[in-house]
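The values are calculated or read from the model by the stated rules, or taken from the named source; none is laboratory data. The structure displayed is predicted, hence computed values, not measured ones. We place every Cβ from the backbone using ideal geometry, glycine too, and count neighbours over all the protein chains shown. Accessible surface areas use protein heavy atoms only, side chains included; no ligands, DNA or RNA. Shrake-Rupley method; radii C 1.70, N 1.55, O 1.52, S 1.80 Å.
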Amino acid sequence: MANFAIDLTPLKKYPDFRNLWTAGLISYFGSMITYVALPFQLKELTGSYLAVGLLGVVEIVPLIIFGLYGGVLADSVDRKKMVWATEAGALILVLVLLGNSLLGSPTTLAIYLVAALFAVVDGLQRPSMDAMLPRLVSHEDLPAASALLSLRWQLGVIVGPTIGGIIFSTLSVSAGYVVDIATYVLSLLFLARVRSIPRSKEAEKPSLSALLDGVRYALKRQDLLGTYIIDLAAMTLAMPMALYPFWADELNAPWALGMFYAAITVGSVIVTLTSGWTRTYRYHGRAVILAAMGWGLAIAAAGLSTSLIFVLFFLTVAGASDMVSALFRGNIWNQTIPDHFRGRLAGIELLSYSVGPLAGQLRAASMAAATTLSISVTSGGLMCVVVVAFLAIFLPKMWKYDVQTNEFAVREREIRKNREIS
């Protein structure tokens with residue numbers, strides 16, 4: 001069993017990583033309360049599938065623009081300072097949501113506007129956050145650190161929506177925003193204790209040319225490009241999250257809304273807590289492809305189910321599959337990308353794992369409005385399986401990726417080993 005247990009070494013060994021991990025754990029808890037509050041508020045105010053689905057639409061463009069720009073900045077500025085500043089910006093946005101919720105008639109315009117600004121903040125923050133990791137832990141500890149960062153997020157996703165649902169039903173949405181504000185304050189205190197992560201000596205100044213250099217680097221590597229395309233396809237075609245408030249109502253279980261949000265993450269946690277085996281499995285690309293197909297199959301099964309228990313079960317299986325994909329995608333990124341490209345590629349990564357779910361919300365909501373919720377979910381899952389299988393045919397280097405022999409993985413392993421020795 002020890003070979004399967006999650007490795008806690010990075011938390012014990014690296015104080016800066018421990019503070020970063022703790023800050024995120026606290027922050028994600030509150031953020032997920034707000035994440036659930038936004039669609040919940042819109043559902044209560046409008047009762048419309050499309051109104052909830054539009055949340056994804058308003059976030060896509062700013063996330064694309066500022067995700068790419070944030071990646072360029074992550075290679076050109078102190079990454080720790082960027083994370084701290086954007087965390088403070090998110091705190092201000094939640095204050096705006098609190099003020100809107102306290103109005104006699106909260107406006108949907110304010111909700112959409114803040115959602116778009118959250119995408120701006122996230123786009124600027126996440127590349128720096130992701131690019132910090134290879135500078136805080138050794139090369140050999142990167143897989144374990146990645147798993148721990150995933151666990152941090154998962155705990156927030158499970159606890160946050162569950163507590164949020166209780167707060168919304170017993171108190172108010174406003175009370176949920178107050179809790180989120182408190183978590184941001186605590187997060188900023190822990191982030192302040194993380195050491196600075198200055199720009200690499202080889203980094204370029206922020207410019208369109210620097211961004212294009214990063215894009216060209218990604219395009220030259222089929223194994224890397226495949227991680228983006230596969231996840232983007234899986235999330236766009238089979239992400240059902242926009243339908244959760246309506247799905248809970250259809251099953252006569254509005255009280256279980258938080259469980260819908262938590263179910264996928266429960267599956268992710270199970271995989272993360274037993275992720276010790278990922279340290280020795282070599283074929284990372286193959287794992288990403290098969291896991292994405294597993295995600296689609298599980299989502300399709302959930303769409304066919306009419307029982308709350310089975311829906312939650314299949315969503316949990318879907319989450320487990322997605323986590324396998326996420327762990328190995330993260331390993332490919334962290335163990336093969338040079339540090340001076342890490343921020344820019346993190347910006348591209350942000351788009352691959354964020355734009356897909358946002359586009360998926362619109363697809364799911366639009367199809368549910370045109371047909372039924374069950375058809376929307378089931379057809380999306382089946383399309384995911386077919387499209388991912390088709391893409392895999394054209395990505396042979398990704399399918400054959402072996403972390404022990406891949407030229408980029410070997411090169412970065414030697415570079416980082418020499419850096420640690422010196």
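Are any of the residues in the stretch 222-233 touching a residue at least 24 places away in the same chain (Cβ under 8 Å) and not in a helix (DSSP H, G or I)? Among the residues of the stretch 222-233, not one is touching a residue at least 24 places away in the same chain (Cβ under 8 Å) and not in a helix (DSSP H, G or I), which makes the answer no. What residue, among those in the stretch 380-421 that are among the polar types (S, T, N, Q) and open to solvent by 40 Å² or more (accessible area, probe 1.4 Å), is farthest from Leu225 (Cα to Cα)? Out of the qualifying residues, it is Asn418. Within the stretch 172-183, the set of residues being within 22 Å of the chain's Cα centre (by Cα) and buried (at least 22 other Cβ atoms within 10 Å of the Cβ) comprises Gly176, Tyr177, Asp180, Thr183.
How about the stretch 245-257: which of its residues are surrounded by fewer than 24 Cβ atoms within 10 Å (Cβ to Cβ) and either in a helix (DSSP H, G or I) or in contact with a Lys or Arg (Cβ under 7 Å, 6 or more places away or on another chain) (or both)? Steps first, please.
Filtering the stretch 245-257 down to residues surrounded by fewer than 24 Cβ atoms within 10 Å (Cβ to Cβ) leaves 245-246, 248-256.
Those that are surrounded by fewer than 24 Cβ atoms within 10 Å (Cβ to Cβ) and either in a helix (DSSP H, G or I) or in contact with a Lys or Arg (Cβ under 7 Å, 6 or more places away or on another chain) (or both): Pro245, Phe246, Ala248, Asp249, Glu250, Pro254, Trp255, Ala256.
So, Thr278, is that one in a helix (DSSP H, G or I), out of contact with any Phe, Trp or Tyr (no Cβ under 9 Å at 6 or more places or on another chain) and open to solvent by less than 20 Å² (accessible area, probe 1.4 Å) or not? No: the conditions fail for Thr278.
All of (1) modelled with pLDDT under 85; (2) open to solvent by 20 Å² or more (accessible area, probe 1.4 Å) hold for Tyr112 with one exception: (1).
Of everything in the stretch 135-171, what is of a type outside the set (A, V, I, L, M), within 17 Å of Pro245 (Cα to Cα) and surrounded by fewer than 17 Cβ atoms within 10 Å (Cβ to Cβ)? Give them in sequence order.
Within the stretch 135-171, the first condition is being of a type outside the set (A, V, I, L, M), and the residues that meet it are 135, 138-141, 143, 146, 150, 152-154, 156, 160-162, 164-165, 168-170.
Checking the rest, the ones that are also within 17 Å of Pro245 (Cα to Cα) come to 160-162, 164-165, 168-169.
Scanning the stretch 135-171 gives a single hit, Ser169.
Restricting the stretch 263-273 to residues that are open to solvent by less than 10 Å² (accessible area, probe 1.4 Å) and either of a type outside the set (Ser, Thr, Tyr) or modelled with pLDDT under 85 (or both), which is nearest to Pro357 (Cα to Cα)? The extreme case among them is Thr265.
Residue by residue through the stretch 41-57, note down the ones that are of a type in the set (Val, Ile, Thr) and open to solvent by 20 Å² or more (accessible area, probe 1.4 Å). Walk me through it before giving the result.
Taking the stretch 41-57 and keeping what is of a type in the set (Val, Ile, Thr), we get 46, 52, 57.
Thr46, Val57 - these are the residues of the stretch 41-57 that are of a type in the set (Val, Ile, Thr) and open to solvent by 20 Å² or more (accessible area, probe 1.4 Å).
The numbered conditions (1) open to solvent by 10 Å² or more (accessible area, probe 1.4 Å); (2) modelled with pLDDT under 85; (3) under 27 Å from Glu59 (Cα atoms) are all true for Asp339 except (3). Please work out if Leu38 is open to solvent by less than 30 Å² (accessible area, probe 1.4 Å) and part of a helix (DSSP H, G or I). Considered against the rule, which asks whether it is open to solvent by less than 30 Å² (accessible area, probe 1.4 Å) and part of a helix (DSSP H, G or I), Leu38 comes out as yes. Looking at (1) aliphatic (A, V, I, L, M); (2) open to solvent by less than 30 Å² (accessible area, probe 1.4 Å); (3) modelled with pLDDT under 90; (4) under 18 Å from Leu98 (Cβ atoms), can you tell me which one Leu188 breaks? Of everything listed in (1) aliphatic (A, V, I, L, M); (2) open to solvent by less than 30 Å² (accessible area, probe 1.4 Å); (3) modelled with pLDDT under 90; (4) under 18 Å from Leu98 (Cβ atoms), Leu188 misses just condition (3).
Residue-by-condition table, conditions (1) within 26 Å of Tyr281 (Cβ to Cβ); (2) touching a Pro at 6+ places or on another chain (Cβ under 8 Å):
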| site | (1), (2) |
| --- | --- |
| Pro106 | no, no |
| Ile111 | no, no |
| His139 | yes, no |
| Pro143 | yes, no |
| Leu148 | yes, yes |
| Gly156 | no, no |
| Ser169 | no, no |
| Asp180 | no, no |
| Phe190 | no, no |
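Step by step: first the residues of the stretch 1-25, then only those that are part of a helix (DSSP H, G or I), open to solvent by 40 Å² or more (accessible area, probe 1.4 Å) and not basic (Lys, Arg), then the one that is nearest to Gly89 (Cα to Cα). Which residue is that? Lay out the reasoning, then the answer.
The first filter runs over the stretch 1-25 and keeps only residues part of a helix (DSSP H, G or I), leaving 9-13, 15-25.
If we keep only those that are open to solvent by 40 Å² or more (accessible area, probe 1.4 Å) too, we end up with 9, 12-13, 15, 18, 25.
Okay, now just the ones that are also not basic (Lys, Arg), so 9, 15, 25.
On the way: Thr9: 32, Pro15: 25, Leu25: 18 Å.
Only one residue tops the list, namely Leu25.
When the stretch 13-58 is filtered for residues that are without any contact (Cβ under 8 Å) to a residue 12 or more places away in the chain and under 22 Å from the mean Cα position of the chain (by Cα), only Arg18 remains. Contact annotation: residue pairs with Cβ atoms under 6 Å, 6 or more positions apart or on different chains, pairing a residue in the stretch 326-341 that is in contact (Cβ under 8 Å) with a residue 12 or more places away in the chain and under 18 Å from Val72 (Cα atoms) with a partner that is aliphatic (A, V, I, L, M) and outside any helix (DSSP H, G or I), are His340/Ala203. Across the stretch 125-133, not a single residue is classified as open to solvent by 20 Å² or more (accessible area, probe 1.4 Å) and in contact with a Pro (Cβ under 7 Å, 6 or more places away or on another chain).
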